[in-house]
Every structure is written in C-alpha cells, then in structure tokens.
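Contents: one structure, followed by commentary.
Each reported figure results from applying straightforward, stated rules to the coordinates on display, with no laboratory input. Remember, it's a predicted structure, so these values are computed and weren't measured experimentally. Note that each Cβ is placed from the backbone with ideal geometry, even for glycine, and that neighbours are counted across all protein chains shown.
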Amino acid sequence: MWDKIKDKYWTTVIINLKTLRFNFMNYFMLVFLFPFSYFVIYMLGSKGKTPAINYIVGMFLTMLLSMFINMFATLVSSANRVELFEMFKTYQVDTLDVFRGEGIFHMILSLFLLIVGVVIAVFNGFRPDILKLCFLQMLFFAFLTELGIFIGGLLRDPNMAQAFINCFYMLVVILTPVYQSPDSLGKIQYIYSINPIAHIGWLYYWSFGGKKGYVEPAAGIVYLLLLTLILIWFNNKRWSKAVSREKIGI
C-alpha cells in the first residue's frame, strides 16, 4: 500500500519540494504577504480589541485559503493547457494523482503555519487540543484539495481560469467571518453555516480552545465530509476524460 501511495502521490510531493525555490516569491506574495496585509488592516480597524484567538485563527485561515484556492487551484487550472495533456498521456500519468500529490505538498506547507499558530495560542493562554487539530487538519486538507481541483477544472481556458480563481478567492474571504469567533455572531451564524469555509474557521476556534457556537462541531464535520465526497465524485468525472479548450479546437 505504501509503495502505491509513494508512486501515485509522493513523487509529486518531492518534485514540488525541489522546485519550491523557483516558486518561492509566488508563495511569499500570495500565501503570506497578501493575507498578512489583510490581517494588519483588520487589526488596525479593531484597535486591538479583538481576542488573540481571533487573530490566530483568522490569520491562519486566510493563509490556508490563499494556499489552496489562489495557488493550488491555479496550478490545477494550468493543467488545461494542451501541452500538459500531451505530456500526461505520453507518460501515462493520472491527472488526479498529480493534483492530489500537489494537495499533499500544500498540506505539508500548511503544517508549518499550523504549528506557529499553536505556539502563539499557548503563549496567549489557550489550550489547543492536538488530537482534534490533527483530525480536523486531515479533513480540511481533503476538502480544500478537492475544492481546489474542482475550482481549477471549472474553466477549460487556463487564462480565464486564473482571473476567475482570484475573484472567487476574494469572494470567499468577503463572505466568510474569518476574524470572528462563532459565539460572537449570534444566530446569524445559521446564515453563514451554508458556507463550508465558515465551518472550517469555527472548528479551528473549537480545537484551539475557543468557545463553540450554535452550530455543533459534529454537524460541521459531517457537512464538510459530505461535501468532500461530492467533490471527489465531480472531480473523478471531470478529469476522467479531460480535454482542454485548445484540444477541442484541434
């Protein structure tokens, strides 16, 4: 089983780790600098009155979204180029295996940010539940990976896809209570509960030692799990007979 996982996914992870130095500035800009600027703007607007856990979870969640939606989904969309289709066919590579291997790579990068968040939370008097965080991180990784594959495959034109993905990322950040704990939202969180990213944020608050809200953590976990299974079905169907827009015209 390990050999199968190594052949299907780990090779992609190693390639991405070796080429990270070439993409470092892209990751620095999109995964750190852009979310950090949003964090500074929010911190100045709140005048330091927001609890520390809100800053910790909000900062980490925006970085996670930028990593899996901005970076990962854009990488998936670039696979719609005809030359990549030809390369995958030549080497008999399963496109979804490559995508999911890249998802594992991004999860490894996110673990560093998660560890930093846990350390900061401990120094601010919170008691993160490590077992909960490990379980939830795996669930969030699976959901965000499949979501990134789904978003990246929506448009067959990679040039249009990049603009669409950037707009989608901004829309998600706007419609998600990123820096607000669930207990501070009151009953309005039932409206936000449609947004699966909001559940990710609330489950992080819960596992970092914050208060849970009206929406039970178990309900959020089941909701994310069901959406992950639906996305897996859609992605398998979408990429089983993948054809780029350019390929259609040939």
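Structural remarks
- Computed lengthening from Glu216 to Leu44, 0.36 nm per intervening residue step minus Cα-Cα distance: 58.8 nm
- With Cα atoms, 0 to 90° folded angle of helix 217-240 axis to the chain main axis: 10
- Tyr223-Lys18 FRET efficiency (beta carbon distance; Förster radius 30 Å; 0.05 resolution): 0.20
- Ranked list, fewest to most other Cβ atoms within 10 Å of each Cβ, for Phe22, Phe141: Phe22, Phe141
- Links that overshoot a 26 Å alpha carbon limit, given the list Lys187/Lys211; Lys8/Lys237; Lys8/Lys132; Lys49/Lys212; Lys18/Lys132; Lys49/Lys187: Lys8/Lys132; Lys18/Lys132
- Charge tally in the Cβ shell below 14 Å around Thr228, where Lys, Arg are +1 and Asp, Glu are -1, Thr228 excluded: 0
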